[in-house]
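The values are calculated or read from the model by the stated rules, or taken from the named source; none is laboratory data. Note that this is a predicted model, so its numbers are computed, not measured. Methodologically, a virtual Cβ is constructed for each residue, glycine included, from the backbone with ideal geometry; neighbour enumeration extends over all protein chains shown.
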Amino acid sequence: MWLCKMVCSKCGSTLISAAIRPETRANRTRCQTPSLLRGLIFGSDGRAMSPTHARGRRGQQYRYYVSQSVLKGIAADGPAIARISAAEIEGVVIAQVRGLLRQPEVVLGAWRAARVSAPDMSEDEARLALERLDPLWEELFPAEQARIIHLLVDRVDIGPSGADVRLKLEGLGSLARDLAGPAELARAAA
């Protein structure tokens, strides 16, 4: 406690700027929100992987996903990947989703899915709506990032060769409608 007061009295401006940095906010919020891939991530044996964490000596939190077969002790050999760093796999899934949202066939699928409830939406409007997500991603709160990932991702399979991410087409359409500008929404409602 006294260390914090001493640091504050000597370099208060440094502490204030560190308190409002987005990375700091995201890291603190990430610890308080559910795991990004909870319920979506499965091991090579087909069983779900559960989020868990451990604390380091200095209080750092290390998050990771562990196979259910390891947790329950039912696999003699265990799956090919028993545990994986949460930061590592979440980063890979986010990168894959962001990359997939730029693919023309995914944009086309999102447009077709969005046309069910917004028949006036054009393919260009759907493409622009999905392009808006990429620059905004880092600014979103972790809870909102988790909501979008759960909207878009059907399943993440982890194996020795890497991660296989399956998207939901209806989630893509819903996201395209959500990200469409007010003019497109008003036109679609009319």
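Below, the figures for the structure above:
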read-out	value
Residue within the range 46-56 that is in a loop (DSSP other than H, G, I, E, B), surrounded by 12 or more Cβ atoms within 10 Å (Cβ to Cβ) and at pLDDT 85 or above present	yes
Qualifying residue in the range 119-136 (condition: under 21 Å from the mean Cα position of the chain (by Cα), surrounded by fewer than 20 Cβ atoms within 10 Å (Cβ to Cβ), closer than 23 Å to Ser35 by Cβ and hydrophobic (A, V, I, L, M, F, W, C))	yes
Any hit, the range 155-171, residues being within 18 Å of Leu37 (Cβ to Cβ) and in a helix (DSSP H, G or I)	yes
Matching residues in the range 67-111 - criterion: being assigned to a helix (DSSP H, G or I), charged (D, E, K, R) and surrounded by fewer than 16 Cβ atoms within 10 Å (Cβ to Cβ)	Lys72, Glu88, Arg98, Glu105
Lone unmet requirement of (1) farther than 30 Å from Arg47 by Cβ; (2) in a helix (DSSP H, G or I); (3) at pLDDT below 80 for Ser117	(2)
